[in-house]
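Worksheet: one structure, shown below.
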Amino acid sequence: MNVPDPVTVPHTLAPLVDGVRDLDLSWFPARRDPGARAAEARRAAVLMLFSDDGPEPTVLLTERAPTLRAHAGQVAFPGGALDPGDDGPVGAALREAREETGLDPAGVRPLAVLPELFIPPTGFLVTPVLAWWAEPCAVRAVDTGETARVLRVPISQLTDPANRFTVRGPRGHTGPAFRTSGLVIWGFTGGILSALLHRSGWERPWDATRVEELDRAWSRARDGGTDRTGTVAGDHDTGPRTDGEESA
């Protein structure tokens, strides 16, 4: 794991930074080895952006537009493929977040760069970038053809055992998932969030044996599930409400 230039981390987020120290690929066995596809793998980066400007930390997430051909309606960290002009994964993650949410990169302090993780369905090698939103700004769905919503999800919603379960995806694999804001967070994004909560000590005991099929999980989320109190960007002075990633 690489760590950018040192910054003063607020005490509320210190457990996150401590938690990712020495985090290696053994935490993500299904994501660590592209095998023969390594030469063809495309590089990408995602921004795991946490803020501490309210009563509790929040994390910035996006809901992909329902009209997209790939991963429609899924929840993801802002991010995307590296461009030749990017300053590595950190630069790519910040650029993509700006393009998707209108985020001002000047207010973001990168904290850690995690190892590359492989996403088999897309062939991407993704570098997660952990960052602190030191100066929160207004964010929104810049292009509603790609992003339906931008959300700041309170950590308490993710740690609430009532909002956690194990999901079985369309290919039969299982993994940690969260239900919040009428959405299901699963796949790559759900796995990363689950690891961060566990390593930071924020995790509360939850029933990992409760398994739901993905379709049923989505149905419950849309019908109200156990929680519909997520924070859409705008609800806490982050910009106007908007109506209209990969989570393999």
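Each value in this text was obtained by applying a stated rule to the coordinates, not by laboratory testing. Just so it is clear, the structure is predicted and the values come from calculations on it, not from any experiment. Don't worry about glycine lacking a Cβ; one is built from the backbone with ideal geometry, like all the others, and counts go over all protein chains shown.
Side notes on the structure shown:
- Long-range HN-HN contacts of GLU212 with modeled amide H, under 5 Å: THR166, VAL167, ARG168
- Placing +1 on each Lys and Arg Cβ and -1 on each Asp and Glu Cβ, with no other charges, gives the stretch 123-174 a dipole about its Cα centre of roughly 260 debye.
- What you get for the stretch 85-208, charging only the Cβ of Lys and Arg (+1) and of Asp and Glu (-1), is a dipole of about 480 debye around the Cα centre.
- Dipole of the stretch 70-221 computed with +1 at Lys/Arg Cβ and -1 at Asp/Glu Cβ about the Cα centre; of ALA195, SER156, THR101, farthest Cα towards the positive end is SER156.
- P(r) for the stretch 36-148, from all Cα pairs and a bin width of 5 Å, is 2, 12, 20, 24, 21, 13, 5, 2, 0, 0 %, short bins first.
- Those trypsin sites (Lys or Arg not before Pro) in the stretch 140-182 that DSSP places in a loop and that have at most 10 other beta carbons within 10 Å: ARG171
- Shown here for the stretch 51-127: trypsin sites (Lys or Arg not before Pro) in loop regions (DSSP other than H, G, I, E, B) with at most 12 other Cβ atoms within 10 Å, namely ARG69.
- Phi angles across the stretch 138-152 convert, under the Karplus curve 6.51 cos²θ - 1.76 cosθ + 1.60 with θ = phi - 60°, into 3J(HN,Hα) values of 5, 10, 6, 7, 5, 10, 5, x, 10, 10, 7, 8, 10, 10, 10 Hz, Gly and Pro given as x.
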